[in-house]
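Enquirer: My questions all concern the structure below.
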Amino acid sequence: MLLSKEGVCKYNCHSNIPFAGFLRNPFGAIRRLRGIGLDKPGFPLPGLTQWISPRKLNDMAAPVGGLLARSSALQASPGPQAPSILRIHYVRKDHNYKGWGLHTWGDTTSCTQWQQPLKPTSLTAAGLVWELPLKPGARRVGALVHKGEQKAATGEVDIHACMPAGETPGIGNGISSGAVQEVWLVGSEHRTFASKPDLSQVPAGSLNKQAGHWVSPGFVLWRQAAEDALGPRTFRLHFHSRGYMWINGAGVQGEEATWELTVAAPPAAAAVAKRFPHLFGTTPLVVPQEAVDRISELVCGQLLVSVHDAAGEALDATGLQIQGVLDETLTYDGPLGDHLNPASGGNAITLWAPTATDVKLLHYRAPRGGNPEVFQMTRGSGGTWTLLRPDDWLWSYYTYRVTNYCPWTARFETVEVTDPYSRGLAADGVRTQIVDLSDPATMPMGWLDHEAPHLAQWTDISVYELHVRDFSATDETVPEALRGKYLAFCPDRVAGAQSTQDRSTPPRLSAGLAHLSALQSAGLNHLHLLPTYDFATVPERTEEQLRVEEDLSIYPPDSTEQQAKVLAIADHDGFNWGYDPVHYGVPEGSYATDPDGIARIREFREMVQALHVQGWRVVQDVVYNHTFASGPSSRYSVLDKIVPGYFHRRHEDGAICDSTCCNNTATEHVMCERLVVEDITHWAKNYKVDGFRFDIMGHLMLSTMSKIRASLDSLTPEKDHGVRGRSIYLYGEAWDFGEVAGNQRGRNAAQMNLAGTRLGAFNDRLRDGALGGGPFAPPQFQGLVTGLHLAPNPAAQPVQGGPEDQRAELLVLTDWVRSAMAGNLRVYPLHLCDGTTRSGEEVLAHGLPLAYGGLPCEHVAFIGCHDNKTIFDQIVEKASINESSEERMRMAVLCLALITLSQGVPFVHAGDDLLRSKSLDRDSYNSGDWFNRIDWTANTNGFGSGLPVATKNGGAWSYMGALLSQADRIRPSREQMLTTTRIFQALLRVRYSSPLFRLAATANVVRQVFFHNTGPDQNPGVIVMEVVSAPYEEAEAIHGLYDPVYDRLIAVFNCAPYANDMPYPASVPQGGNLKLHPELAAVGDSRLSAAVADDVNRTLRVPARTAAVFVQQRRR
């Protein structure tokens, strides 16, 4: 270990504790004391953690001034006392200490965040050492050794009185003068040792880890050194068909078969290692042919690998991850689930379960109750199990009983599980239903013949994001039986139920349908529905859903009572966002009038058809990045019960990755990728879904997304009942984080990998530039729209700086917004606030290129969505507290304008056009109908509904309460809410009035979109964007797209709290006769109508916090 003058080693460990085996000689040099270590015989030196051999003690005595002469004085020590230091030793038999850190909790002043483990205090010949200062009166401290997400030893320590360490003369100031309690952690053991452990009695490895990787028939990869100081190490593969192996201090015991694994030269395994970038640097081990020949048998049992040193001492043993070898030897491309069986002319049910030792099918006649008929399934090729079924089983139910070895319990488990290829379900997904999706009973009338509204190009898309239950659960104009259901989107159903209940009232659209109709008439055309597949977190039978019966409106706007009532039933009510997938291929049952059987299928189709008739194309929010559960116990675990450890992405030590929130899936594996591709195609073909939004898309492999695109492109109206696969739009969250960041698991569908793929991605630069900060920044941070520099929020000034700092930041954020409005294109040239002109990919934002797109359709322009707070709520937090409700409304309209007039695909969260509030809730996924409700009649926007739920917001209640207590002043009026949506609808009509706002070609954006008022001397807070038509229709190859109505359109976004006069762009000819766009002039809003073009002075006057579009009409 090398120390700098500051006592920092090459592992960046600060050594201000005892030099732990280092002494400073009289000349100031630091030298290592050989012979020090827990594995050496000797006796303890008072005040040091190490054991020192008698011979070496003499080496130490002279420099420290006669330590031995005073040994008798050191023996006189006080009695036991409360320790002030907990010294933790970490020992590994394999001596692999690189990269380990310590996560701590409890009564120490060195508690850590998971992402910032403590670096070792010292590295000795015997292992790692940490010294943790203890709090006064400490009782318990917990510790876990980990390397990223790879976990090793852990345990909790009870603090007790012990002998003081004393002050050791001459050892510097590292040794504590108080009592020191010592404890040892070893390998991967989940226990602590109070004294130096006898390593021969500690298991050499763990059955509960799977750090070995059988990646192809001939190779195992394992991060163990091929040799050490004693010479080459020996590796072995061990197998037991019934899982009876164990590990002790001598290594693996009880195997039925074992084979030696030889170390391969790295080039021999290079091709294999390429498929697993995260395993770079592991040792490749060659599997003997005898074991290769038995792969189909071996993967069904318990597998371990072990390593011994040249002297025969057991160093480590671990389980094997077998996803790689399964992908190369036991995949299957035939039909799965219930399917036609051409060989028999009937039907069959097939399950892919290559590691199972037995599979039975349990057949039920009803969705619940009754005893099953049990049928043995037959093992087939490619790891499948099949049963031929009678035709009369149609509409009945089944589950599987699967027996396999489970790495999570290190034993064989027999579990009951539904079919991952389910196409129908009983309520709560407890049984798979056998269905025929081509049967008329599953379709509304006219289903097969109807088609979605036509879409010419993807940049014609605009998206409105909506939750099925939010749409109608609290809408009293919807019949009660249909509230929160698919059928609430069907005008005929709503009208029919109304007329049935009250024949004196003529049928009418519900308030929600009327609002959607107005938005669609303005041009909005894609309705994005939050998850509608079968998810876990809502009881599907209405009678089993709890409700808040009390009137919550009686409580003050900053009360804790509302959230307390909501949380009391939150896990048992009818609300959840639904990002908890169980069965990907079946509609969610809680949104159907009957969750048992085919009602959910028919009603989902009826909803899609009704929306198509109303002019909407339908987007489904899909969550293929994780499942709600894994393991053998949860009733919501499906994939992992069938092939444990295969469908989920795993850390190098075998644990399931959970960076997405829980149970990350692994589309880099063949059969997981197949499931996702086929499932998406199923929804497009059988439910006529027109687009898919991928939750945390960056955790899917880019190859998976490419295969999805190719599969959808193969769907044609002629053979697929009107489905045009090439018009289906794919977009998602392309964030790059967790175990896939930086292409660690292969090239993933993250922002920096998407250029040219035609996959849309949410652009956080527009969001953060407009509002300021970001999801993980202080909520008071301001941006372009929320008043940065021009109307400062005193709460943000301590962190965003003084006037000059804020001005500089404002100009940078304004450049971010300009880049987004130009389609987030890598090649688009930007004249920046520093005076330079650079392409979008040459500018940094969040440490990455500002622009990352290759095509306009790859840009999803958004500022608000279901995640995080609504636009209105963020404005409340960020804008100065002195702003009026009118000015906050104007800020919200500016956000909507920036979204709507950007190149790419505009995306708006439902209700943002009505100033929707969730009472500052930052994550309302489980906050019930109360905090998530939308009032389509604009009588209330939801602000002041009480403090948001404590589970996600409790730490921010102090500042939230101060804002909510002023709800009467902050809450917008009904007229302000209606004005917002009227202006939004006018902006939509502006967008669709000219093809220049919807350019599809990158080259056209570069040559037809221009920004003025740029550079270091710009008027801050104002964006001037000009879009120019080609001069004539045949000039597209040279000049770009032709607009038959307008020569040019100039959009001015004045985010300043005062009016601004902006000069005409120089390109506007004399007598250009610019006018406010007729759609904006027709709104009737006094502030917007005050935006005027002065042809004489060639200025554009735009009122405070106003977006105006001026047009130059084409002369005919």
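The values are calculated or read from the model by the stated rules, or taken from the named source; none is laboratory data. Given the structure is predicted, the values throughout are model-derived calculations rather than measurements. Methodologically, a virtual Cβ is constructed for each residue, glycine included, from the backbone with ideal geometry; neighbour enumeration extends over all protein chains shown. Please note that ligands, DNA and RNA were not included when accessible areas were found on the heavy atoms of the full protein model with its side chains. Shrake-Rupley method; radii C 1.70, N 1.55, O 1.52, S 1.80 Å.
Enquirer: Six or more apart or on different chains, Cβ atoms under 6 Å: show the pairs whose first residue is in the range 150-162 and over 13 Å from residue 184 (Cβ atoms) and whose second is surrounded by fewer than 19 Cβ atoms within 10 Å (Cβ to Cβ) and charged (D, E, K, R).
Expert: 156/140; 158/140; 159/139
Enquirer: Scan the range 251-264 for residues that are outside any strand (DSSP E or B) and surrounded by fewer than 16 Cβ atoms within 10 Å (Cβ to Cβ) and report the count.
Expert: Counting residues in the range 251-264 that are outside any strand (DSSP E or B) and surrounded by fewer than 16 Cβ atoms within 10 Å (Cβ to Cβ) gives 2.
Enquirer: Considering 840, 904, which residue is open to solvent by less than 10 Å² (accessible area, probe 1.4 Å) and without any contact (Cβ under 8 Å) to a residue 24 or more places away in the chain?
Expert: Only one candidate qualifies: 840.
Enquirer: Looking only at the range 1084-1101, filter to residues that are open to solvent by 50 Å² or more (accessible area, probe 1.4 Å) and among the β-branched types (Val, Ile, Thr); which one of those is modelled with the highest pLDDT?
Expert: Filtering first and then ranking leaves 1092.
Enquirer: Ok, one more. I need every pair where a residue in the range 138-149 that is closer than 15 Å to residue 116 by Cβ and without any contact (Cβ under 8 Å) to a residue 40 or more places away in the chain has its Cβ under 9 Å from the Cβ of a residue that is open to solvent by less than 10 Å² (accessible area, probe 1.4 Å) and not polar (S, T, N, Q), sequence separation at least 6 or different chains.
Expert: If the second residue must be open to solvent by less than 10 Å² (accessible area, probe 1.4 Å) and not polar (S, T, N, Q), no pairs are left.
Enquirer: Only one of (1) over 12 Å from residue 1102 (Cβ atoms); (2) open to solvent by less than 60 Å² (accessible area, probe 1.4 Å); (3) not aromatic (Phe, Trp, Tyr) is not met by residue 1075, so which one is it?
Expert: Checking residue 1075 against (1) over 12 Å from residue 1102 (Cβ atoms); (2) open to solvent by less than 60 Å² (accessible area, probe 1.4 Å); (3) not aromatic (Phe, Trp, Tyr), the one that fails is (2).
Enquirer: Pick out, from the range 315-367, the strands (runs of 3 or more DSSP E) lying fully within it that include 1 or more residues that are under 16 Å from residue 419 (Cβ atoms), touching a residue at least 12 places away in the same chain (Cβ under 8 Å) and open to solvent by 40 Å² or more (accessible area, probe 1.4 Å).
Expert: 337-341, 356-364
Enquirer: Does residue 643 meet the test of being over 19 Å from residue 321 (Cα atoms), open to solvent by less than 10 Å² (accessible area, probe 1.4 Å), in contact with a strand residue (DSSP E or B) (Cβ under 9 Å, 6 or more places away or on another chain) and of a type in the set (A, V, I, L, M)?
Expert: No.
Enquirer: So which of 825, 848, 830 ends up being over 18 Å from residue 1105 (Cα atoms) and either open to solvent by 20 Å² or more (accessible area, probe 1.4 Å) or of a type in the set (Asp, Glu) (or both)?
Expert: Just a single option satisfies the conditions, and that option is 848.
Enquirer: Out of all the residues in the range 921-968, which are on the phi > 0 side of the Ramachandran plot and touching a Ser or Thr at 6+ places or on another chain (Cβ under 9 Å)?
Expert: Of everything in the range 921-968, those that are on the phi > 0 side of the Ramachandran plot and touching a Ser or Thr at 6+ places or on another chain (Cβ under 9 Å) turn out to be 938, 942, 944, 946.
Enquirer: Just give me the residues in the range 229-246 being in contact (Cβ under 8 Å) with a residue 24 or more places away in the chain and open to solvent by 40 Å² or more (accessible area, probe 1.4 Å), in sequence order.
Expert: Matches in the range 229-246: 230, 232, 234, 236, 241, 242, 244, 246.
Enquirer: Select from the range 1102-1116 the residues that are outside any strand (DSSP E or B) and either under 19 Å from residue 1012 (Cβ atoms) or open to solvent by less than 50 Å² (accessible area, probe 1.4 Å) (or both) and list them in ascending order.
Expert: 1103, 1104, 1105, 1114 - these are the residues of the range 1102-1116 that are outside any strand (DSSP E or B) and either under 19 Å from residue 1012 (Cβ atoms) or open to solvent by less than 50 Å² (accessible area, probe 1.4 Å) (or both).
Enquirer: Let me ask another. I'd like to check something: does the range 710-729 contain any residue that is open to solvent by 10 Å² or more (accessible area, probe 1.4 Å), assigned to a helix (DSSP H, G or I) and farther than 21 Å from residue 460 by Cβ?
Expert: Yes.
Enquirer: Output yes when any residue across the range 518-541 is aromatic (Phe, Trp, Tyr), open to solvent by less than 10 Å² (accessible area, probe 1.4 Å) and part of a loop (DSSP other than H, G, I, E, B), and no when none is.
Expert: no
Enquirer: Any chance the range 454-462 includes a residue that's farther than 30 Å from residue 760 by Cα and crowded, with 17+ Cβ neighbours inside 10 Å?
Expert: No: zero hits.
Enquirer: Could you check the range 881-892 and list, in sequence order, the residues that are open to solvent by less than 10 Å² (accessible area, probe 1.4 Å) and either over 34 Å from the mean Cα position of the chain (by Cα) or farther than 23 Å from residue 923 by Cβ (or both)?
Expert: Taking the range 881-892 and keeping what is open to solvent by less than 10 Å² (accessible area, probe 1.4 Å), we get 888-889, 891-892.
Within the range 881-892, 889 is the sole residue that qualifies.
Enquirer: Something else now. When the range 419-442 is examined, which residues are found to be open to solvent by 10 Å² or more (accessible area, probe 1.4 Å) and part of a loop (DSSP other than H, G, I, E, B)?
Expert: Hits for the range 419-442 are 420, 421, 423, 430, 431, 435, 436, 437, 438, 439.
Enquirer: Next question. Scan the range 648-667 for residues that are in contact (Cβ under 8 Å) with a residue 60 or more places away in the chain, closer than 19 Å to residue 213 by Cβ and not in a strand (DSSP E or B) and report the count.
Expert: 8
Enquirer: Also, quick follow-up: Of the residues 267, 284, which is open to solvent by less than 50 Å² (accessible area, probe 1.4 Å) and outside any loop (DSSP other than H, G, I, E, B)?
Expert: Sole residue among the options that is open to solvent by less than 50 Å² (accessible area, probe 1.4 Å) and outside any loop (DSSP other than H, G, I, E, B): 284.
Enquirer: Considering every residue within the range 595-617, establish whether at least one is within 25 Å of residue 865 (Cα to Cα), in contact with a helix residue (DSSP H, G or I) (Cβ under 8 Å, 6 or more places away or on another chain), of a type in the set (S, T, N, Q) and open to solvent by less than 10 Å² (accessible area, probe 1.4 Å).
Expert: Within the range 595-617 (the criterion being within 25 Å of residue 865 (Cα to Cα), in contact with a helix residue (DSSP H, G or I) (Cβ under 8 Å, 6 or more places away or on another chain), of a type in the set (S, T, N, Q) and open to solvent by less than 10 Å² (accessible area, probe 1.4 Å)), the answer is no, since none of the residues qualifies.
Enquirer: Still on this model: Going through 582, 566 one at a time, which residue ends up being under 30 Å from residue 962 (Cβ atoms) and either open to solvent by 30 Å² or more (accessible area, probe 1.4 Å) or modelled with pLDDT of 95 or more (or both)?
Expert: It is 566.
For (1) part of a loop (DSSP other than H, G, I, E, B); (2) without any contact (Cβ under 8 Å) to a residue 24 or more places away in the chain; (3) open to solvent by 40 Å² or more (accessible area, probe 1.4 Å), each residue gets a yes or a no:
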residue: 450; (1), (2), (3): yes, no, no
residue: 470; (1), (2), (3): no, no, no
residue: 475; (1), (2), (3): yes, no, no
residue: 484; (1), (2), (3): yes, no, no
residue: 494; (1), (2), (3): no, yes, no
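Enquirer: Could you run through the range 853-876 and say how many residues are open to solvent by 10 Å² or more (accessible area, probe 1.4 Å) and modelled with pLDDT of 95 or more? Show your work before the answer.
Expert: Step one: of the range 853-876, the residues open to solvent by 10 Å² or more (accessible area, probe 1.4 Å) are 854-855, 857, 865, 867-869, 874.
Within this subset, residues satisfying the condition of being modelled with pLDDT of 95 or more are 854-855, 857, 865, 869, 874.
Looking only at that region, the number is 6.
Enquirer: Under the condition of being farther than 29 Å from residue 255 by Cβ and among the charged types (D, E, K, R), which residue from the range 372-414 is surrounded by the most Cβ atoms within 10 Å (Cβ to Cβ)?
Expert: Applying the filter and picking the extreme gives 389.
Enquirer: Is it fair to say residue 307 is open to solvent by less than 10 Å² (accessible area, probe 1.4 Å), out of contact with any Lys or Arg (no Cβ under 9 Å at 6 or more places or on another chain), within 25 Å of residue 94 (Cβ to Cβ) and in contact (Cβ under 8 Å) with a residue 24 or more places away in the chain? Give the derivation first.
Expert: Numbers: open to solvent by less than 10 Å² (accessible area, probe 1.4 Å): yes; out of contact with any Lys or Arg (no Cβ under 9 Å at 6 or more places or on another chain): no; within 25 Å of residue 94 (Cβ to Cβ): yes; in contact (Cβ under 8 Å) with a residue 24 or more places away in the chain: yes.
When the stated conditions are applied, residue 307 does not pass them.
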